[in-house]
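In what follows, a structure is listed as structure tokens, so that the remarks can point back to it.
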Amino acid sequence: MTNLKTITSLAKRRGFFFPSSTIYGGLANVWDYGPLGVELARNIKNLWWKFFIHQEDNMFGFDAAILMNPQVWVASGHTTSFNDPLVECQSCHKRLRADHLIEDQLKIKVEGLDPQELDKIIQENHLKCPFCGGDKFTPTRKFNLLFKTYIGPVEDNKHQVYLRGETAQGMFVNFLNILNTFSPSLPFGIGQIGKAFRNEITPGNFIFRLIEFNQMEIEYFVPPKEWKKYYQMWEEKIEKWMKMLKVKKSHWRWRQHSKEELSHYSKLTKDTEYLYPFGFKELYGLAYRTDFDLRNHSQQSGQDLRYTDPQTREKFFPHVIEPSFGLERTVLMLLLEHYVEDKENSRVYLDLPPYLAPYTVGVFPLVKNKPKLVQLSKKIYNQLKENFPTTWDNNGNIGKRYRRQDEIGTPYTITVDYQSLEDHTVTIRERNSMKQERLEIVQLVNYLKTKVEGQK
Ligand code: ATP
């Protein structure tokens, strides 16, 4: 099992992630994507969009604004029910999530229990503060996760808005726009990728629990009686997605929420859990949201959000299946899953599939101060970058360059040597096997295209 420290250090050292505002000492649990992280994340987003939006029938891509009318969050239940249980250690005054304190120390699931029940478990088991060892905590109180801000110069309740706690609501409040503009028949879906914000109390574990993160979500509207069939369809799609990410089956599992644990909007939720170094934890959620959101928005807004069956003319609220994917939890999983320590060759490499790797190919001149080699390698680089994310490198010796590309997951590297100047061939090296073969320069684009496509 790959260690979280190892991955965090690789990610910082190689430019996948940096702590936010590093020069000011950072901001807890906020991270910036570095040049390699942003490429990896973009590849994930593109693959997700292609698989779940473009290749699915009746799917509408969307990008709702982050700020919305505050009534949205009243109707959705977030202003009253989007809470975590909070306790404060009376010795060091650190704030902790009561359910996480219990789960970490007693290894039992208690999400959804009410504050009195949590307090009882904490006291009866003499749980200790993980920071100072103290065993006195304030009583558990509920803490709302929505971030608040204000529009305009007056900071009062009338001008208060929220940073969205999930992307989902942007799609529910646009349900009518989609109906009116595209007249789709059930089932159909709206999908989007975007930022969400949560004032999490126990953030941490690198990019696992952030206060600002990206969600990739779909609201899939179905005839109420058929929800089970579509729920199953989405389970199967998620399983296919995990295969595309090349995650070992033994490293992830489904876990159904208990009744107490269910979110305020859900009748059935199954999490996809990944085996992170800190245990099996939620990677994705698949929720059956019934007609909770459309019905509440209809009431709150006074707009009729019912769908009319084109045959029977019957009007009803469709039910919703919601697959929800966290981008950063996906990135963290991929870094952990594909990290390989190759002791025999004293190197590490990221075994990322070529369609996810930040760069598909790296090009090097064999030695850095031979102008003819540099010139030809630049020419090849310029050709390749029209087709693939490509990098060019002449820092350090060739061995170091290979190691560097291995560590960031570049599946192919090309070296231009003296023979290249004579016969227009280069060596191409495959990351995992380290096998090298000689190819004509004119063959490179087709060769790489076949390789990248072949591994999908
Ligand atoms: P958790 O139980 O871990 O707090 P959640 O059940 O609140 O997660 P959902 O509301 O189902 O999460 O959000 C959907 C997805 O968004 C999650 O499956 C996860 O991938 C991602 N996500 C949620 N909260 C965070 C966070 N604080 N940081 C990073 N990703 C998150």
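The values are calculated or read from the model by the stated rules, or taken from the named source; none is laboratory data. Note that the structure is a prediction, hence the values are computed from the model and not measured. Every residue, glycine as well, gets a Cβ built from its backbone with ideal geometry; the counts of neighbours run over all protein chains shown. Please note that ligands, DNA and RNA were not included when accessible areas were found on the heavy atoms of the full protein model with its side chains. Shrake-Rupley method; radii C 1.70, N 1.55, O 1.52, S 1.80 Å.
At-a-glance table
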item	result
Residue within region 234-244 that is away from the ligand (no atom under 16 Å from the Cβ) and in contact with an Asp or Glu (Cβ under 9 Å, 6 or more places away or on another chain) present	no
Subset tally (residues that are closer than 16 Å to residue 3 by Cα, crowded, with 21+ Cβ neighbours inside 10 Å and away from the ligand (no atom under 16 Å from the Cβ)) for region 319-357	2
Meets criteria (under 21 Å from residue 195 (Cβ atoms) and either touching a residue at least 12 places away in the same chain (Cβ under 8 Å) or within 24 Å of the chain's Cα centre (by Cα) (or both)) for residue 84	yes
Filter result for residue 356 (outside any helix (DSSP H, G or I) and within 33 Å of the chain's Cα centre (by Cα))	yes
Set 226, 239: member being part of a helix (DSSP H, G or I) and in contact with a Pro (Cβ under 9 Å, 6 or more places away or on another chain)	226
Any hit, region 88-98, residues being assigned to a loop (DSSP other than H, G, I, E, B) and within 30 Å of residue 175 (Cα to Cα)	no
Of the criteria (1) farther than 20 Å from residue 94 by Cα; (2) open to solvent by 50 Å² or more (accessible area, probe 1.4 Å); (3) more than 16 Å from the ligand (Cβ to nearest atom), which one residue 141 fails	(1)
Filtered residue count, region 174-214, keeping only those that are part of a loop (DSSP other than H, G, I, E, B) and of a type in the set (A, V, I, L, M, F, W, C)	7
Residues of region 247-263 satisfying the condition of being more than 15 Å from the ligand (Cβ to nearest atom) and open to solvent by less than 50 Å² (accessible area, probe 1.4 Å)	251
Any hit, region 59-71, residues being outside the structural domain of residue 331 (by TED's automatic domain parsing) and crowded, with 17+ Cβ neighbours inside 10 Å	no
Count of region 278-306 residues which are over 22 Å from residue 225 (Cα atoms) and open to solvent by 40 Å² or more (accessible area, probe 1.4 Å)	9
Test: residue in region 237-246 that is more than 21 Å from residue 351 (Cα to Cα) and open to solvent by 10 Å² or more (accessible area, probe 1.4 Å)	yes
Hits in region 212-229 (condition: more than 9 Å from the ligand (Cβ to nearest atom), surrounded by 22 or more Cβ atoms within 10 Å (Cβ to Cβ) and of a type outside the set (A, V, I, L, M, F, W, C))	219, 220
Residue list for region 31-59, restricted to those being touching a Ser or Thr at 6+ places or on another chain (Cβ under 9 Å) and under 14 Å from residue 12 (Cβ atoms)	31, 32
Residue selected from region 368-402 under the condition open to solvent by less than 50 Å² (accessible area, probe 1.4 Å) and over 36 Å from the mean Cα position of the chain (by Cα), by the criterion nearest to residue 453 (Cα to Cα)	376
Test: residue in region 264-275 that is free of Cβ contacts under 8 Å to residues at least 60 places away in the same chain, part of a loop (DSSP other than H, G, I, E, B), more than 13 Å from the ligand (Cβ to nearest atom) and surrounded by fewer than 20 Cβ atoms within 10 Å (Cβ to Cβ)	yes
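Here's the yes/no breakdown for (1) touching a residue at least 24 places away in the same chain (Cβ under 8 Å); (2) touching a Pro at 6+ places or on another chain (Cβ under 8 Å):
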site: 24; (1), (2): no, no
site: 33; (1), (2): no, no
site: 38; (1), (2): no, no
site: 43; (1), (2): yes, yes
site: 47; (1), (2): yes, no
site: 50; (1), (2): no, no
site: 53; (1), (2): yes, no
site: 59; (1), (2): yes, no
site: 63; (1), (2): yes, no
